[in-house]
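Derivation of every value follows stated rules applied to the coordinates shown; laboratory data play no part. Model, not experiment: these values are computed from the prediction. All Cβ positions, even for glycine, are placed from backbone atoms using ideal geometry, and neighbour counts span all protein chains on display.
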Amino acid sequence: MHKKFRTKPLISGLFHASMLTALPGTPWAYDLGSVSSGAGNSNEAIPPAESASANAPTQGSLTASEPQSVINRNYIENTQTGASTYVDNAAIAPGVWAYSPNGPGGNENPSLTLRSFVDGQYNVTFDGIPFVDGANFTHHVNSYFLAQDTGEVTVDRGPGRASTVGDATYGGTIAVRSNDPLGDPTATVRSQIGSFNSRLVGFQYDTGVMQNYGDASGFIDYNHYQTDGALTNDNERRGNLFAKFIKPLSENTAITVVVMQNHTYQNDSPGATAPQIAQYGSHYGLNQNPLSSAYVGYNNDNFTSNFDYIGLQTRFGDWKIDDKVYTTIYAHDAMNGYNPNGTTATIQGAYPGGILMGGANPGSRNIAGLTGMTTYTSYGNILRATRAIGDDDLDFGLWIERQLRQSWINNVDLSTGGTGSIVNLPGISNGGNQAETSSMNTIQPYVEYVWRPNSKWSITPGLKFNDFTRTYNSAYDTTVGGAFAYSHSWAAALPSLDAHYYVTDHWSAYGQAAEGFVAPLLFGSFYNQNQPIQPNTSAGLAYLAPEKTMNYQLGTVFKSSKLTASA
């Protein structure tokens with residue numbers, strides 16, 4: 001029997017809560033919705049003009065306090081392939097440049113530049129949770145979320161308010177929001193076919209609002225994607241499982257559970273030289289020659305990843321609480337040719353086109369390559385609280401995360417299946433083998449006060465404190481030539497101030513000053529101050545200061561049912 005979708009006030013708000021959590025620059029950033037009229041402020045209602053035409057591919061926001069572009073579900077669903085990622089979605093926004101050399105979702109090497117900041121210099125969040133590879137703050141895009149599980153992507157061009165947490169906020173934030181469950185029970189079979197023998201099949205089941213189970217709702221989605229790739233022999237296979245469930249505990253409290261599991265296998269080319277393109281064509285990636293380090297059988301990657309969280313949202317009296325505990329797990333098992341595109345000639349017997357002959361004997365047909373493994377696991381919690389004080393809000397919160405990382409690389413003979421070491425290559429000691437462990441701890445408390453002198457103005461000063469600690473330990477570090485370890489902490493106080501003004505219901509303006517931060521990279525945290533660093537000692541070691549930026553920005557947004565414009 002078909003049941004009518006019955007929406008409680010809390011559910012109506014919760015379907016938008018994760019979206020609002022992902023928008024670091026909005027005055028209503030952590031609103032649970034119209035849970036009750038007794039909490040929050042009368043000035044806090046989102047203006048009706050916020051619902052602009054769904055056909056606009058990228059839109060500003062009337063509530064923004066710094067330049068934003070919102071890419072909505074309508075655009076994602078109607079223009080992106082099922083294998084697309086947030087890189088492909090965000091590419092439509094002004095100031096964003098992105099490319100996927102092997103086709104959308106076709107390999108693990110897409111690139112996105114946000115107003116000249118490259119990956120590792122900007123923040124990415126999913127439902128308000130930052131996720132990052134702590135070695136260099138980059139994001140393994142293909143190891144996480146598919147387009148059909150994405151509800152919205154917001155490109156935020158600036159460090160945001162104090163409440164914008166993350167390890168690399170100074171270039172901006174790309175906030176990805178998960179898709180919402182449907183209101184009615186629905187089964188969806190998905191099939192897509194595209195160029196380069198690309199094909200995707202998937203199945204999604206939405207429970208609808210289950211009145212017999214306390215109005216719980218959710219969906220589970222599985223997709224399998226594979227492609228021969230736009231580049232020769234750059235194949236990929238990917239399986240992705242995503243599930244989201246929301247369970248009201250009362251009229252004012254609900255719990256959200258999100259689970260994501262992904263496995264990707266790919267043959268991946270680092271690119272081609274001009275002579276290779278001239279000889280083999282612009283689509284050249286890998287070849288079928290076992291005597292070349294660009295042989296498809298020598299260049300493969302296995303990625304497995306998880307992204308899971310449990311979120312609790314509640315509202316009582318003048319308080320709103322949003323807490324998420326989460327974990328991310330990432331593993332990359334790799335085999336790669338040492339010099340697949342033939343640009344490096346440091347190895348004995350390197351030839352153009354990537355054909356390498358090395359090893360102890362100059363005449364041997366050893367194919368130099370690398371095998372390696374990188375894994376990291378992050379555990380964290382992000383707590384946000386809002387206390388209504390008259391027409392104003394006091395916002396404060398705490399983000400804490402610990403990431404444990406392991407990595408090893410071996411220099412091997414690929415012609416033996418990666419089982420034999422090549423230890424006598426010029427310029428490579430210890431066979432080029434390296435293994436290390438590292439960790440990073442991040443603690444970011446923040447506080448903001450949203451002052452509303454009247455219904456048109458909101459002025460928000462804020463302060464965030466960033467405490468970041470790295471540890472590193474290697475039994476043999478190739479840059480040092482022996483055992484090496486270090487541990488260091490960096491800290492910074494990051495202020496922000498913005499003012500927001502409603503000119504009319506359809507027109508707003510803002511001004512902002514905010515400071516951003518990114519800590520030094522794992523392999524770039526120190527430099528030689530007086531002398532070369534020696535194994536087992538920190539003599540001559542000096543630590544780099546964190547990179548910081550101060551942003552000053554002015555803007556205005558106009559939105560109506562037929563037009564959205566920003567400057």
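May I ask for the distance between the Cα centers of segment 277-324 and segment 190-215, given as a whole number of Å?
21
Please compute the modelled spin-label separation between Ala493 and Ala475, points set 7 Å along Cα→Cβ, answer in nm with one decimal.
Calculated label separation equals 4.5 nm.
What full-extension length gain, to one decimal in nm, is calculated for Ile443 and Leu241 as 0.36 nm per residue of separation minus the Cα-Cα distance?
69.7 nm
Could you pull out which residues in segment 480-524 have an amide N less than 18 Å from a spot 7 Å beyond the Cα of Ser561, following the Cα-Cβ vector?
505-507
Which parts of segment 241-277 would a label at Tyr205 reach, counting a residue when its backbone N lies under 15 Å from a point 7 Å out along Cα-to-Cβ?
Residues 242-245 fall inside that zone.
Could you compute the net charge surrounding Glu436? Neighbours are other residues with a C-beta less than 13 Å from the C-beta of Glu436; K and R count +1, D and E count -1.
Local net charge: +1.
Rounded, prolate or oblate: pick one for segment 139-260, where a ≥ b ≥ c are the square roots of the eigenvalues of its C-alpha gyration tensor, a/c under 1.5 means rounded, and failing that, prolate if a/b is larger than b/c, else oblate. The partial results should precede the final answer.
On the way: a/c = 2.98, a/b = 1.16, b/c = 2.56.
It comes out oblate by the Cα gyration axes.
For segment 478-512, state which chymotrypsin sites (Phe, Trp or Tyr not before Pro) are in a DSSP loop and have at most 10 other beta carbons lying within 10 Å of their beta carbon.
On the way: sites: Phe484, Tyr486, Trp490, Tyr501, Tyr502, Trp507, Tyr510; in loops: none.
In loop regions of segment 478-512 (DSSP not H, G, I, E or B), there are no sparsely surrounded chymotrypsin sites (Phe, Trp or Tyr not before Pro).
Of all DSSP beta bridges located in segment 124-183, what percent are antiparallel, nearest 5?
Of those bridges, close to 75 percent are antiparallel.
What dipole magnitude, in Debye to the nearest 20, does segment 95-156 give about its Cα centre under +1 on Lys/Arg Cβ and -1 on Asp/Glu Cβ?
Roughly 200 debye, rounded to the nearest 20.
Between Leu249 and Ile389, how high is the FRET efficiency from 1/(1 + (r/R0)^6) when r is the Cβ-Cβ distance and R₀ = 30 Å? Nearest 0.05. Numbers along the way, then the final one.
Working: r = 27 Å, r/R0 = 0.88.
Computed FRET efficiency for Leu249 and Ile389 comes out at 0.70.
Suppose R0 equals 45 Å. What FRET efficiency, 1/(1 + (r/R0)^6) with r the Cβ-Cβ distance, do Ala509 and Tyr213 give to the nearest 0.05?
Efficiency, from the Cβ-Cβ distance: 0.45.
I'd like the FRET efficiency for Glu77 and Val189, computed as 1/(1 + (r/R0)^6) with the beta carbon distance as r and R0 of 22 Å, rounded to 0.05.
0.90
What is the spin-label model distance, in nm, from Asn289 to Thr138 if the labels are put 7 Å beyond Cα along the C-beta direction?
Computed distance between label sites Asn289 and Thr138 equals 2.7 nm.
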